[in-house]
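I have placed the structure first, in the form of structure tokens, so that the comments after it can refer back to it.
The values are calculated or read from the model by the stated rules, or taken from the named source; none is laboratory data. Remember, predicted model here, so these are calculated numbers, not experimental data. With ideal geometry, Cβ positions are generated from the backbone for all residues, glycine too; neighbour counts draw on all protein chains shown.
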Amino acid sequence: MVVVEKAYQHIWKLFEEIPDPEIPVLSILDLGIVRDISSEGKTLVITITPTYSGCPAMNQFEDDIVAKLKEINIVDVRIKMTYDPPWTTDWINEEARQRLEDYGIAPPIKGTEDKGVLFKERVKNVRCPVCKSTNTEVISQFGSTACKALYRCEDCLEPFDYFKCI
């Protein structure tokens, strides 16, 4: 059993090397989409949770997981999708949130959701990743990818992406 646990730990570590194709400063582990590593007979089962329905990166994640495992000669792999519990931006770890901000993307506000936009309300305290001001405004709920909204800082006037809360 100890050998299996060490192998799984090695695989978890390898997954840190798989970037999000849309946000390359984040790995699949940073996002929290890898939920479990197990086996069924000789088949390695990787359980993942989609970030949201229709996310175009999910197929790439699956391909990248299989390719990464092939690098260490694991070829009998099954990717299992689980939707319960549903993915939330609260699963993004703190280090990843800081990397997002350093990269120029405002990280999602922890413990909130962007439902206010449905009622024309402003998301509270979206901090500009450039000057750190919270005097910001939504330009568009549709940013450079579906998971981001476009904002502008009213102080430094820089546009920036905000990783939407789910």
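All but one of (1) of a type in the set (Lys, Arg); (2) surrounded by 15 or more Cβ atoms within 10 Å (Cβ to Cβ); (3) under 16 Å from the mean Cα position of the chain (by Cα) hold for residue 68; which doesn't?
Of the numbered conditions (1) of a type in the set (Lys, Arg); (2) surrounded by 15 or more Cβ atoms within 10 Å (Cβ to Cβ); (3) under 16 Å from the mean Cα position of the chain (by Cα), the odd one out for residue 68 is (3).
Among residues belonging to region 107-129 that are within 19 Å of residue 86 (Cβ to Cβ) and modelled with pLDDT of 85 or more, point out the one that is nearest to the chain's Cα centre (by Cα).
For region 107-129, the residue satisfying everything is 108.
List pairs: first in region 138-166 and within 24 Å of residue 54 (Cα to Cα), second part of a loop (DSSP other than H, G, I, E, B) and basic (Lys, Arg), Cβ under 9 Å, 6+ apart or cross-chain?
Once the first residue is within 24 Å of residue 54 (Cα to Cα) and sits in region 138-166, its partners that are part of a loop (DSSP other than H, G, I, E, B) and basic (Lys, Arg) give 138/122; 141/164; 143/164; 146/164; 147/164; 148/164; 149/164; 165/110.
I'd like the full set of residues that are small (Gly, Ala, Ser), over 15 Å from the mean Cα position of the chain (by Cα) and either within 25 Å of residue 145 (Cα to Cα) or surrounded by 15 or more Cβ atoms within 10 Å (Cβ to Cβ) (or both), limited to region 30-45.
none
With respect to residue 66, determine if the residue is among the hydrophobic types (A, V, I, L, M, F, W, C) and not in a helix (DSSP H, G or I).
Criteria not met by residue 66.
Conditions tested, residue by residue: (1) more than 26 Å from residue 148 (Cβ to Cβ); (2) free of Cβ contacts under 8 Å to residues at least 40 places away in the same chain; (3) touching an Asp or Glu at 6+ places or on another chain (Cβ under 8 Å).
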| position | (1), (2), (3) |
| --- | --- |
| 63 | no, yes, no |
| 81 | no, yes, no |
| 105 | no, no, yes |
| 109 | no, no, no |
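Can you run down the residue pairs with Cβ atoms below 7 Å, 6 or more apart or on separate chains, where the first is in region 38-51 and not assigned by TED's automatic domain parsing to the domain that holds residue 10 and the partner is outside any strand (DSSP E or B) and surrounded by 15 or more Cβ atoms within 10 Å (Cβ to Cβ)?
Within 7 Å, no pair qualifies.
Quick check on residue 48: is it at pLDDT 95 or above, within 15 Å of the chain's Cα centre (by Cα) and of a type in the set (A, V, I, L, M)?
Taking the combined requirement at face value, the residue satisfies it.
Could you tell me whether residue 166 is among the hydrophobic types (A, V, I, L, M, F, W, C), modelled with pLDDT under 90 and surrounded by fewer than 18 Cβ atoms within 10 Å (Cβ to Cβ)?
yes
Filter region 130-145 down to the residues that are under 14 Å from residue 108 (Cα atoms) and under 16 Å from the mean Cα position of the chain (by Cα) and list them by number.
The one that is under 14 Å from residue 108 (Cα atoms) and under 16 Å from the mean Cα position of the chain (by Cα): 143.
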